[in-house]
Amino acid sequence: MRTCALIIGIAASLSLFTGCAAFDQALTQPYQQQPTAYGQAIQPNAYGLGMGADQNGRPQTYYLQDGQQLSPIFQGGVQQNAYGLGVGMDQFGRPVYSGPP
């Protein structure tokens, strides 16, 4: 009897996972525009590797908390406003800021 209930529970939960791809896309879509502290979107690598462009075409890049520029290979994984308005987070959890080069 318990085995039958377990199988029914697993079958019911599998129906929840069929929409996971659409749900994952809905969660990641807001990060594709990468808004900056001023509400602008950064177009990645517009001026070359690691040098993006804001909404008005001005060059933008990411900086770490100590003022060093974030390596270009890690700029794709930046989540904006993770630590508050204007303070993003790279893939290692470090705070990053957007600014002109």
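Structure notes:
- Hits in the stretch 51-72 (condition: free of Cβ contacts under 8 Å to residues at least 12 places away in the same chain and either in contact with a Leu (Cβ under 9 Å, 6 or more places away or on another chain) or not charged (D, E, K, R) (or both)): Ala53, Gly57, Gly67, Gln68
- Subset of the stretch 68-81 (residues that are open to solvent by 50 Å² or more (accessible area, probe 1.4 Å) and either within 14 Å of Pro100 (Cα to Cα) or of a type in the set (A, V, I, L, M) (or both)): Gln68, Gln69, Ile73
- Annotation note: of Gln60, Gln34, Gln40, the sole residue that is at pLDDT 55 or above and either among the charged types (D, E, K, R) or open to solvent by less than 100 Å² (accessible area, probe 1.4 Å) (or both) is Gln60.
The values are calculated or read from the model by the stated rules, or taken from the named source; none is laboratory data. Keep in mind the model is a prediction, meaning the values are calculated, not measured. Neighbour counts are summed over all protein chains in view; Cβ atoms, including those assigned to glycine, are modelled from backbone coordinates with ideal geometry. When the accessible area is computed, the model is the full protein with side chains, heavy atoms only, and any ligands, DNA or RNA have been set aside. Shrake-Rupley method; radii C 1.70, N 1.55, O 1.52, S 1.80 Å.
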